[in-house]
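Contents: one structure, followed by commentary.
The values are calculated or read from the model by the stated rules, or taken from the named source; none is laboratory data. It should be emphasised that the depicted structure is a prediction, and the values quoted were computed from it without experimental measurement. Here Cβ is always computed from backbone atoms with ideal geometry, including for glycine, and neighbour counts include all displayed protein chains. In case anyone asks, the SASA skips ligands and DNA or RNA and just uses the protein heavy atoms, side chains included. Shrake-Rupley method; radii C 1.70, N 1.55, O 1.52, S 1.80 Å.
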Amino acid sequence: MEAIQAKDYQVVFGGNGYTNLNAILKEKKYSILFILVDSNTHEHCLAPFLQNVVTQTTIEIIEVDPGEEFKNLETCEGVWNVLSELNADRKSALINLGGGVVTDLGGFVACCFKRGIDFINIPTTLLAMVDASVGGKTGVDLGPLKNQIGIISNPELVLVDTHFLGTLSIEELRSGYAEMLKHGLISSETYWQTVKEADYSDFESLGGLIRQSIAIKNEVVLEDPFEKNRRKSLNYGHTLGHAIESYFMESDQKQRLLHGEAIAIGMILANYLSTQLCDLEEVVCNELSSAIMSFYQVVQFDDKDIEQIITLLKYDKKNSHGKVLFVLLNNIGEVVLNQEVSNELIYKAFEYYKNLNKN
């Protein structure tokens with residue numbers, strides 16, 4: 001599969017991707033290679049990955065705990081301490097082998113250690129392949145607040161090997177698929193129709209769609225690398241989606257939601273808001289929302305939940321001058337940025353979600 005040229009690096013695929021990886025390792029002559037894994041990727045992905053790596057450089061493995069709750073500065077400090085103890089220098093490199101938590105956190109760790117060492121992302125989840133590992137965003141959460149601390153810095157390479165998807169549960173595949181659905185909504189009718197009809201559980205057939213999804217994101221990032229304008233479109237469904245994810249992560253009474261599960265709800269809410277504040281037709285909204293809903297389980301919200309979720313909106317990174325700003329749609333592929341939304345409309349959006357699930 002043909003590589004995608006991002007800014008200052010490439011996204012490469014499969015067997016040819018390992019050829020690119022080994023060429024970089026040979027050229028750079030790193031002093032030490034550190035591979036960051038969590039306990040899951042250590043068990044399921046590390047051995048097959050190492051079988052494809054050809055290098056004379058010393059390799060050290062660093063393991064962190066899996067899960068969003070460990071994507072924080074405390075985990076970073078632990079990794080930085082290990083790097084120091086193992087004599088990492090500025091000619092070292094960090095390979096992040098894992099899902100979005102590992103690639104986000106690992107990229108941030110690399111950017112800060114000794115004012116920056118090289119890093120390479122090897123995403124092992126669908127979410128990381130189509131979203132987290134591409135685009136240069138690194139960072140960690142601040143308590144339950146998503147990605148509050150971070151840096152935009154590009155890796156040396158992103159290698160996508162879809163064989164790693166065979167290690168995932170159906171829930172994790174479905175979570176990543178939400179970002180592919182989003183790419184369809186913000187880009188084109190053609191890709192939307194293709195992705196909503198595909199079988200996300202058949203990961204062996206997803207390769208072409210994954211490449212298209214990465215290409216969509218890459219085009220946006222190349223135009224607006226620091227999220228001043230068009231890159232905000234990639235946050236469709238994320239304003240409320242991130243707040244929902246944070247609320248469910250923090251609450252003792254709620255079952256945690258995977259990222260894609262929360263973003264799917266956020267997209268349905270954004271669809272409704274788009275009918276009220278933009279030109280999205282109601283019939284189109286219902287078609288889009290029903291298609292998204294067909295992939296995900298229904299989640300119940302009461303007024304107290306919604307009140308707490310709205311409170312969390314003030315931490316959204318797109319906010320400016322004290323205003324909560326949403327990404328909405330006029331139609332598929334026609335994004336409208338920087339839209340203010342009243343709390344009253346947000347309550348109505350949740351009512352729309354609730355009624356949609358009754359049909």
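Worth pointing out:
- Considering 79, 130, the condition of being under 13 Å from the mean Cα position of the chain (by Cα) and crowded, with 19+ Cβ neighbours inside 10 Å is satisfied by 130 alone.
- Yes/no for residue 274 being over 21 Å from the mean Cα position of the chain (by Cα), polar (S, T, N, Q) and farther than 18 Å from residue 185 by Cβ: no
- Test for residue 309: is it surrounded by 18 or more Cβ atoms within 10 Å (Cβ to Cβ), within 23 Å of residue 143 (Cβ to Cβ) and touching a residue at least 12 places away in the same chain (Cβ under 8 Å): yes
- Failed condition for residue 60, given (1) under 23 Å from the mean Cα position of the chain (by Cα); (2) farther than 13 Å from residue 122 by Cα; (3) not basic (Lys, Arg): (1)
- Here residue 175 fulfils each of the conditions (1) open to solvent by 10 Å² or more (accessible area, probe 1.4 Å); (2) closer than 19 Å to residue 268 by Cα; (3) in contact (Cβ under 8 Å) with a residue 12 or more places away in the chain; (4) not basic (Lys, Arg) apart from (1).
- Just one residue in the set 167, 138, 124, 103 is over 22 Å from residue 28 (Cβ atoms) and buried (at least 18 other Cβ atoms within 10 Å of the Cβ); that residue is 124.
- Residues in the stretch 11-38 that are outside any helix (DSSP H, G or I) and either open to solvent by less than 20 Å² (accessible area, probe 1.4 Å) or not hydrophobic (A, V, I, L, M, F, W, C) (or both): 11, 12, 13, 29, 30, 31, 33, 34, 35, 36, 37, 38.
- Considering residues of the stretch 215-257 that are in contact with a helix residue (DSSP H, G or I) (Cβ under 6 Å, 6 or more places away or on another chain) and among the aromatic types (Phe, Trp, Tyr) only, the residue nearest to residue 160 (Cα to Cα): 236
- Qualifying positions in the stretch 210-241 - open to solvent by less than 20 Å² (accessible area, probe 1.4 Å), within 15 Å of residue 181 (Cβ to Cβ) and free of Cβ contacts under 8 Å to residues at least 40 places away in the same chain: 241
- In the set 330, 343, 338, 357, only one residue is in contact with a Lys or Arg (Cβ under 8 Å, 6 or more places away or on another chain), in contact (Cβ under 8 Å) with a residue 12 or more places away in the chain, surrounded by fewer than 18 Cβ atoms within 10 Å (Cβ to Cβ) and not basic (Lys, Arg); that residue is 338.
- Residue-level analysis places residue 95 among those that are outside any helix (DSSP H, G or I), modelled with pLDDT of 95 or more and under 23 Å from the mean Cα position of the chain (by Cα).
- Number of the condition not met by residue 183 [criteria: (1) surrounded by fewer than 17 Cβ atoms within 10 Å (Cβ to Cβ); (2) within 29 Å of residue 272 (Cα to Cα); (3) of a type outside the set (Phe, Trp, Tyr)]: (1)
- Restricting the stretch 186-209 to residues that are under 29 Å from residue 46 (Cβ atoms) and hydroxyl-bearing (Ser, Thr, Tyr), the residue that is least open to solvent (accessible area, probe 1.4 Å): 200
- Condition check for residue 110: within 21 Å of residue 23 (Cα to Cα) and surrounded by fewer than 24 Cβ atoms within 10 Å (Cβ to Cβ): no
- Complete set of residues in the stretch 279-290 that are open to solvent by 20 Å² or more (accessible area, probe 1.4 Å) and either not hydroxyl-bearing (Ser, Thr, Tyr) or not in a helix (DSSP H, G or I) (or both): 279, 281, 282, 283, 284, 286, 287
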